[in-house]
Amino acid sequence: MTSIALVGNPNSGKSSLFNRLTGLSQKIANYPGVTVEHHSGRLRLSSGDLEVVDLPGTYSLVGRSPDERVTSDFLAGELKGVNAPDAVCAVIDACQPGRGLFLVSQIIDMGIPVVVALNMVDEAREAGQLPDASALSLALGGIPVIPTVAVNGEGIPALSSAIAEVAKTKVSSSVASLWRTLRVADAFGNDPAETARRHAWVRSKLGQAKWRPTGGHRASSDRIDKWLLHPALGFVLFLIIMGGIFQAVFSLAAPLQDGVEMAISALGSACGTWLSPGLARDIVTQAVFPGVGAVVVFLPQIVILFLLLGILEDTGYMTRAAFIVDRPLRMIGLSGRAFIPLMSSFACAVPGIMATRVIEDRRERLITILIAPLMTCSARLPVYTVAIGALMPESAQFGPFGARGLVLLALYVGGALTGSLVAFVLGKTLLKGDRHAPIIEMPTYRWPDPKAVLTRMAHRAASFLRRAGTVIFGVSLLLWALSAFPRADVAPDAPASVTAAAQLHGSIAGRAGRLIEPIVAPLGFDWRIGIGVLASFAAREVFVSTMGVVYAIGEGETEVAEAQLQAAMQAAVHDGTTRPVFDIATLVALLLFYMIAPQCASTLAVIRRESGSWGWAALAFGYLTVLAFAVAWAGRHVALWFVGGN
Amino acid sequence: MDATDEIQSHRDVMKPNSIPLPDAPSGRSWGVVSVLDGPDRGRLWELGVLPGIEIRVVRVAPMGCPMEIEIDGSRFALRRETARTILVATAGPL
């Protein structure tokens, strides 16, 4: 199929234009060997379909960052197994035509047929300009220039037919070789004279089109920035905005999550009643449905987080946020770019680690990936809730504050501080070296395009389901199998919860729990907690349901079940003694262990994928496990010293 | 080396009357004299930071870094050390 590449500066409205051209026929893929994702879709025309590929935004074809290199390699046909495009649609911001035309000059030099989409002409008009597209086309030697407004669809039909027309012209077969010659030339991107010549060319073309750009409409943006980037108030407003997002993510997601859980468990028991008792029913009701549930329960939070972050991104605020936090993050060896990935990791480390792709510097990206699991993700909350509930009554106060809330806050802060410390140490040791902070454009504020925001949200959620969902589901099935075999012999008339507890005790998982008991014993953990710790590799919250099975309460996160579980945990004693399992010191150790430990298979899988090697995933697993043990052990002994006992 | 020599060699690097952008008083535009070698030199050229172009510091983030600059109607955030590679003219035509 004939393929068209969309190329343009960052913030030129390229993605909105892509959505307009291809509708919903999009797919996301990675080229072999590169982590930069590309979106492709179909442009349906009466003359047949064209494939449209949306390439990462770039200022030039020199390829100064991994993203930009994908764009220039793709155009030159130098990506393995991918054909060079037949034509290029260059997207130019009508408010910043100079920078767009700079890129066009390089595309022309490559010899690929090109169509120019002069996008956001509405904003240029608002700023008092009337760019003459046909005069510019004439100045560019007849290259079609189509004025568009991607957000409302203006000019899209004209652009489609111009693309169809240009796609018919044959590409000279020498594009790649011409390009290689150009690239190896020392001057390309390395010589101010060469760059200055291009800028002069751009000025002369704009002159011929009688166009004197005045830049975008800055006045209203400047008024907003006066507050949002105010030296003192800016930081406060930043904290309020981010706090608001957090609050929204958790309060909006909670009812949805309850709904999802109820729906899944209702479906599961409905299926259970149709099937006759036996292994098949157990697989469906105890493995498949809980596995699916463990995945989709995270969706509401992640979708809401992506939606809110997407809106903020498209308004232009996230660039300001990076501007504000760059200096503080620099103290731990990171930059403003690490902010969104770390912020997302408070919902779930998987999308957070995937978001590190915006970080150009490889060392900084690796550090961010390695500390992302230390941000308190939502899967830890059920574990924290149960353990804190067993640790202190709801009425406990510390000064005017509820003690439970304070402990929870301390765990969030503790995770973030540990992450900062680790980032600092990694930056001074394993990943030391000069770090390069990129120059970031500060766009004018814009109303986000709902279609673009929703499409991106859907893609990110789908990507989460693919990456994390498959791992969580797979590990859930595996853990069920480990806890279901070998089958235990129990009296047929025993209550279901007793049967389940006996089954777990005798199963492979139960034996594994007893096998690792000597390892976790220094933390005060018994074999039951050992099973919980192992089981939480599916997702940390599985710890809670596993405890439910261990203590023969049955599963479920209803308040009754939670209260029963807390009572059972408080009554639990070490085998053959009267010593309680969940004393204060053990609970402290458990909380600190979960604050740090990498008990999440999907996070480790994503680290491998994004870093490109198992080595980094192994390092993450190793350092987090050792650190979790050390901190939990120290916490236990401090607690013992405070409350007395052994 | 006597004092005259030292001033001379200093001038060879700095060009007459040019100072790094962060040292130039803010609140007005300056003419770019040159961009010193650094990891971002090529990118700055592409964005139009070339001799003769007007440049302005719009604002500085809390704690002095990064800085927001304006060239040709566009705004960019860059770190102070990158801004230091941009030499601007302090007075009169060059």
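Bear in mind that the values in this text are calculations on the coordinates, not laboratory data. Keep in mind the model is a prediction, meaning the values are calculated, not measured. Reconstructed Cβ throughout: ideal geometry from the backbone, glycine too, with neighbour counts over all protein chains shown.
At a 10 Å Cβ-Cβ cut-off, how would you order A:447, A:614, fewest neighbours first? Working shown, then result.
On the way: A:447 9, A:614 12.
Final ranking by Cβ density, sparse to dense: A:447, A:614.
If R₀ is 45 angstrom, what is the calculated FRET efficiency for the pair residue A:122 and residue A:397, using the beta carbon separation as r and rounding to 0.05? Working shown, then result.
Details: r = 58 Å, r/R0 = 1.28.
According to the calculation, E is roughly 0.20.
I'd like the Karplus ³J(HN,Hα) series for the range A:326-334: coefficients 6.51, -1.76, 1.60, θ = phi - 60°, whole numbers in Hz, and an x wherever there's a Gly or Pro.
4, 5, x, 5, 5, 4, 9, x, 10
Please report A:476, A:251, B:34 as a ranked list, fewest other C-beta atoms within 10 angstrom at the top and most at the bottom. List each step's numbers first, then the result.
Details: A:476 26, A:251 10, B:34 17.
So the residues, fewest neighbours to most, are A:251, B:34, A:476.
How high is the FRET efficiency between residue B:84 and residue A:193 when r is their beta carbon distance and R₀ equals 25 Å, given to the nearest 0.05?
Details: r = 23 Å, r/R0 = 0.94.
E(calc), rounded to 0.05, equals 0.60.
Quick one: Debye curve from the C-alpha atoms of the range A:1-146, no solvent, what's log10 I(q)/I(0) at q = 0.09, 0.13, 0.17 Å⁻¹?
Each listed q maps to, in turn, -0.26, -0.55, -0.95.
Find the Rg to Rh ratio for chain A, where Rh is the Kirkwood radius over alpha-carbon pairs and Rg uses the same atoms.
On the way: Rg = 28.7 Å, Rh = 27.5 Å.
Taking Rg over the Kirkwood Rh, I get 1.04.
So who's got an amide H within less than 5 Å of the one on residue B:75, skipping anything under 5 residues away but keeping other chains? H placed 1.01 Å off N, in plane.
Those qualifying (amide H under 5 Å, at least 5 residues apart or on another chain) are A:442.
Tabulate in residue order the Karplus-calculated ³J(HN,Hα) for the range A:64-80, using 6.51 cos²θ - 1.76 cosθ + 1.60 with θ = phi - 60°, rounded to whole Hz; enter x for Gly and Pro.
Couplings: 8, 10, x, 4, 5, 5, 4, 4, 6, 5, 5, 4, 7, x, 9, 7, 4 Hz.
Using 5 Å bins from zero, what percent of all Cα-Cα pairs in the range A:233-439 falls into each bin?
Reading upward from the zero bin: 1, 7, 12, 15, 16, 14, 12, 9, 6, 4, 2, 1, 0.
Give me the net charge of residue A:514's neighbourhood, meaning all other residues with Cβ under 14 Å from the Cβ of residue A:514; Lys, Arg count +1, Asp, Glu -1. The partial results should precede the final answer.
Numbers: positive: A:511, A:528; negative: A:517, A:526, A:575.
Taking every Cβ under 14 Å from that of residue A:514, the sum is -1.
When only alpha-carbon atoms count, how far does the range B:17-89 stretch along each of its three principal axes, as whole angstroms with the largest first?
28, 24, 24
Name the residues whose placed amide hydrogens come within less than 5 Å of the amide hydrogen of residue A:52, ignoring near sequence neighbours (fewer than 5 apart) on the same chain.
So residue A:52 has HN proximity to A:4, A:41, A:42, A:43.
Taking the Cβ of each residue in A:89, A:271, A:377 as the centre, tally the other Cβ atoms inside 10 Å and list the residues starting with the fewest. Numbers along the way, then the final one.
Numbers: A:89 30, A:271 14, A:377 25.
Ascending Cβ contact count within 10 Å gives the list A:271, A:377, A:89.
Extending each Cα 7 Å along its Cβ direction at residue A:248 and residue A:152, get the distance between those two points in nm, one decimal.
2.5
Kindly write out, for the range A:127-133 in residue order, the coupling ³J(HN,Hα) from the Karplus curve 6.51 cos²θ - 1.76 cosθ + 1.60 (θ = phi - 60°), rounded to whole Hz, with x marking Gly and Pro.
7, x, 10, 10, x, 9, 5
Using r as the Cβ-Cβ distance of residue A:497 and residue A:222, and R0 as 60 Å, what FRET efficiency do you calculate, to the nearest 0.05?
Numbers: r = 65 Å, r/R0 = 1.09.
FRET efficiency, residue A:497 to residue A:222: 0.40.
Calculate for the protein assembly as shown the 222 nm mean residue ellipticity that helices alone would give, adding -39,500 (n - 2.57) per DSSP H run of length 4 or more and normalising by residue count, nearest 500 deg cm²/dmol.
Values: 33 runs with 403 residues, N = 740.
For the protein assembly as shown, the value works out to -17000 deg cm²/dmol.
Residue A:271 to residue A:357: extension gain in nm, 0.36 nm per residue of separation minus the Cα-Cα distance?
On the way: separation 86, 0.36 × 86 = 30.96 nm, distance 4.17 nm.
Stretched fully, the residue A:271-residue A:357 segment lengthens by 26.8 nm.
Compute the length gained on full extension between residue A:83 and residue A:44: take 0.36 nm times their separation in residues and subtract their Cα-Cα distance, giving the result in nm to one decimal.
Result for the pair: 12.0 nm of gain on full extension.
Which loop-located trypsin sites (Lys or Arg not before Pro) does the range A:466-542 contain, where loop means any DSSP state but H, G, I, E or B and the Cβ has at most 14 other Cβ atoms within 10 Å? Don't skip to the answer; put the middle values down first.
Working: sites: A:466, A:467, A:487, A:511, A:514, A:528, A:540; in loops: A:487, A:540.
Passing both the DSSP loop test and the Cβ count: A:487.
Let me check the size of the range A:356-422 from its C-alpha atoms; what are the radius of gyration and Dmax in Å?
Calculated on Cα positions, Rg and Dmax stand at 15.8, 49 Å.
Pairs of lysines 8 or more apart, or on different chains, with alpha carbons under 22 Å: count those in chain A, would you? Write down the numbers at each step before the final one.
Values: A:14/A:27; A:14/A:451; A:27/A:80; A:27/A:451.
For chain A, the number of qualifying lysine pairs is 4.
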